[in-house]
Amino acid sequence: MARAPFVHVNFQPSGGRRRVNADDIVRTLSDEVRAGRLPGGARLPPVRVLEHQLGISKNTAQAAYDELVVRGVLTARERDGVFVAGSSAPDLGSIELRSAPLPRFRSFQLKRSALAGPDVIPLSMVFIDPALLPRDRVAECFRSALNIPGLHHFYDAQGYPPLREAISKRLVARGMDVAPEHIVITTGSQQALDAVCRALVRRSVATENPVYQYAKALFESLGAELVGLRLDPFAPLPLDEWRAVLRATRPELFYTITSFHNPTGRSSSTHEISQILELANELDFAVLEDDWGSDMLSGGEYRPTLRALGGPNVIYVNSFTKKLLPSLRLGFVAGNAETVAPLVAAKRVSTLGNPTLIEAALCELLERGYYDTHLTEMQRVLDGRYQRALALLDQHMPAGVRWTTPGGGPLIWLELPRSVDLGDLQVRLDARKVGIEPVPLAFYGTPHLHGIPIGYAFLDSERLARGLEILGDELRRAQGGSA
Ligand SMILES: Cc1ncc(COP(=O)(O)O)c(C=O)c1O
């Protein structure tokens, strides 16, 4: 049986001495017992604990306990320890705490598919197929990072400097003016969004509606007022409508996913990106660009980002988690000379720093060229999957179903007829082991779209075909046709 925990007693030396002696221990424990502060049966600290705590000899502690046993205050039990004489079931005065913190954070329940397991086809998965990820090369880079001298004792709140250099080089090569000292490495881009909101937003943030749901939930949780700008993935950006809303609400920051918007897959045209910059200048709001998907563009191509067109005042966020290994959890934010210090401060108070070992392993991966090789191969496979997804959608979707054609990124938005109840559809598909994730939390109020994201990058051809075939069946059934 486990030993009872011993009680903690504070001893103070008397008579101006610096150290407790045996008399102090005898006096203190007698007083505590007499006053009822130490109940019968309570176990006292072992002699070695007093020796360590009080800096006295074992003999001194033992002599005090022996004296108290002789006086009948304590009893010694062979191998069990020393106890306050009396009852053997002590009431140590435990008091149940009734007050609990009052939640400020609005918790939310995502309507997730209840399914998990290898025989399930998750049709809305935002990740890349793990089979495409370069695990062996990452392992090689971790081995190498482990041998970097001094790494084990070091972290930099802004992020591992060589990694910031490597990222800066990549961004410059893509037309973005980003110096290493303006980059902050973060735990995924999620932490970058958190740091931006805490460091730079006082009142309000505008986002597209719908928007990446955990960005919206994050900004809300930080107390920002949110302004939703309606986005229809099948139409040009309604910039006149946006201008009116922005003029009326005057948010400080606009958070936007310019390439392969989550959850719709839509990308803004280069002209639309320029117009966003014009709007920002006209109405004087800052711009936060989430460029999560642009490395998932076919053939190593890239398109101008807001940061490339708008310069260093555009705050730019990107991440390696989706394109490399989700568990690596590394992303970054690029600010400028004014914004970088508050961003580092915001990150420092939440995590102090990232694990340097992981940062160094990623840095190796970039510097050895493995990441580029991996992106090229991944893009080749994703292109194939994308084309296959379009063909399968053509084949299996009933009339009235539309979808976006993003040409990259991991998501296609499937817009369904209003007559299809998304909750019922999810239940029916669960029964056939196909998982879908409607995203109501991505919207402001009642969703103006009616559909689901399809994550074509996660599934191999066979599973994608099976999943979309079953989805097509269930949609036909929901519309009153036979499956
Ligand atoms: C658009 C977008 N931005 C940011 C994130 C955050 O991802 P991470 O923290 O893994 O970089 C996600 C995750 O799905 C996302 O979809």
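Listed values, structure above:
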quantity	calculated
Hey, Ala286 in contact with a strand residue (DSSP E or B) (Cβ under 8 Å, 6 or more places away or on another chain), under 25 Å from Ala334 (Cβ atoms) and open to solvent by less than 30 Å² (accessible area, probe 1.4 Å) or not	no
Total residues in region 72-103, condition part of a loop (DSSP other than H, G, I, E, B), within 23 Å of Thr28 (Cβ to Cβ) and modelled with pLDDT of 85 or more	5
Breaking point among (1) without any contact (Cβ under 8 Å) to a residue 12 or more places away in the chain; (2) under 30 Å from Leu471 (Cα atoms), for Phe127	(1)
Region 267-290, residues that are modelled with pLDDT under 95 and either within 16 Å of the ligand (Cβ to nearest atom) or not in a helix (DSSP H, G or I) (or both)	Ser267, Ser268, Ser269
Out of Ala139, Ala199, Ala145, sole residue that is hydrophobic (A, V, I, L, M, F, W, C) and either within 16 Å of the ligand (Cβ to nearest atom) or within 16 Å of Val340 (Cα to Cα) (or both)	Ala199
Pair list, Cβ < 7 Å and 6+ apart or interchain, from region 300-313 residues that are closer than 12 Å to Ser267 by Cβ to residues that are modelled with pLDDT of 95 or more and open to solvent by 80 Å² or more (accessible area, probe 1.4 Å)	none
Residue ID - farthest from Leu132 (Cα to Cα), chosen from residues in region 347-393 that are of a type in the set (Ser, Thr, Tyr) and within 21 Å of the chain's Cα centre (by Cα)	Ser350
Top-ranked residue of region 314-337 - restricted to ones that are touching a strand residue (DSSP E or B) at 6+ places or on another chain (Cβ under 6 Å), open to solvent by less than 40 Å² (accessible area, probe 1.4 Å) and within 10 Å of the ligand (Cβ to nearest atom), ranked as farthest from Ala166 (Cα to Cα)	Val317
Residues of region 206-226 satisfying the condition of being away from the ligand (no atom under 14 Å from the Cβ) and hydrophobic (A, V, I, L, M, F, W, C)	Ala206, Leu222, Ala224, Leu226
Filtered residues of region 249-265 (kept if assigned to a loop (DSSP other than H, G, I, E, B) and farther than 14 Å from Thr305 by Cα)	Arg250, Pro251, Glu252, Asn262, Pro263, Thr264, Gly265
Residue list for region 293-313, restricted to those being within 16 Å of the ligand (Cβ to nearest atom), more than 18 Å from the chain's Cα centre (by Cα) and assigned to a loop (DSSP other than H, G, I, E, B)	Thr305
Arg27 being in a loop (DSSP other than H, G, I, E, B) and open to solvent by 90 Å² or more (accessible area, probe 1.4 Å)	no
Single residue of region 48-69 satisfying the filter (under 47 Å from the mean Cα position of the chain (by Cα) and open to solvent by 20 Å² or more (accessible area, probe 1.4 Å)) that is nearest to Asp91 (Cα to Cα)	Val49
Residues of region 325-337 satisfying the condition of being assigned to a loop (DSSP other than H, G, I, E, B) and on the phi < 0 side of the Ramachandran plot	Leu325, Gly335, Asn336, Ala337
Of all residues making up region 410-451, the number that are part of a strand (DSSP E or B) and within 24 Å of the chain's Cα centre (by Cα)	4
Cβ-Cβ under 7 Å pairs, at least 6 apart or on other chains, region 173-187 side among the hydroxyl-bearing types (Ser, Thr, Tyr), far side open to solvent by less than 40 Å² (accessible area, probe 1.4 Å) and assigned to a helix (DSSP H, G or I)	Thr186/Ala192; Thr186/Ala195; Thr186/Lys347
Matching strands (runs of 3 or more DSSP E) fully within region 137-248 where at least 3 residues are within 19 Å of the chain's Cα centre (by Cα)	183-187
Helices (runs of 4 or more DSSP H) wholly inside region 338-409 that include at least 1 residues being touching a Cys at 6+ places or on another chain (Cβ under 8 Å) and open to solvent by less than 20 Å² (accessible area, probe 1.4 Å)	356-367
Output for region 429-467, where each listed residue is open to solvent by 10 Å² or more (accessible area, probe 1.4 Å) and closer than 13 Å to Leu392 by Cβ	Asp460, Ser461, Glu462, Arg463, Ala465, Arg466
Residue identified as touching a residue at least 60 places away in the same chain (Cβ under 8 Å), aliphatic (A, V, I, L, M) and touching a Gly at 6+ places or on another chain (Cβ under 8 Å) among Leu416, Leu411, Leu449, Leu357	Leu411
Flag for Ser107 being open to solvent by less than 50 Å² (accessible area, probe 1.4 Å) and closer than 30 Å to Glu437 by Cβ	no
Search result, residues across region 173-196 that are under 23 Å from Leu218 (Cβ atoms) and away from the ligand (no atom under 16 Å from the Cβ)	His182
Ile257 being within 16 Å of the ligand (Cβ to nearest atom), under 21 Å from Ala224 (Cβ atoms) and at pLDDT 95 or above	yes
Residue tally, condition closer than 22 Å to Ser268 by Cα and open to solvent by 30 Å² or more (accessible area, probe 1.4 Å), over region 410-428	0
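The values are calculated or read from the model by the stated rules, or taken from the named source; none is laboratory data. Not measured: the values here are computed from a predicted model. Neighbour counts are summed over all protein chains in view; Cβ atoms, including those assigned to glycine, are modelled from backbone coordinates with ideal geometry. Just the protein is used for accessible areas: all its heavy atoms, side chains included, with ligands, DNA and RNA removed. Shrake-Rupley method; radii C 1.70, N 1.55, O 1.52, S 1.80 Å.
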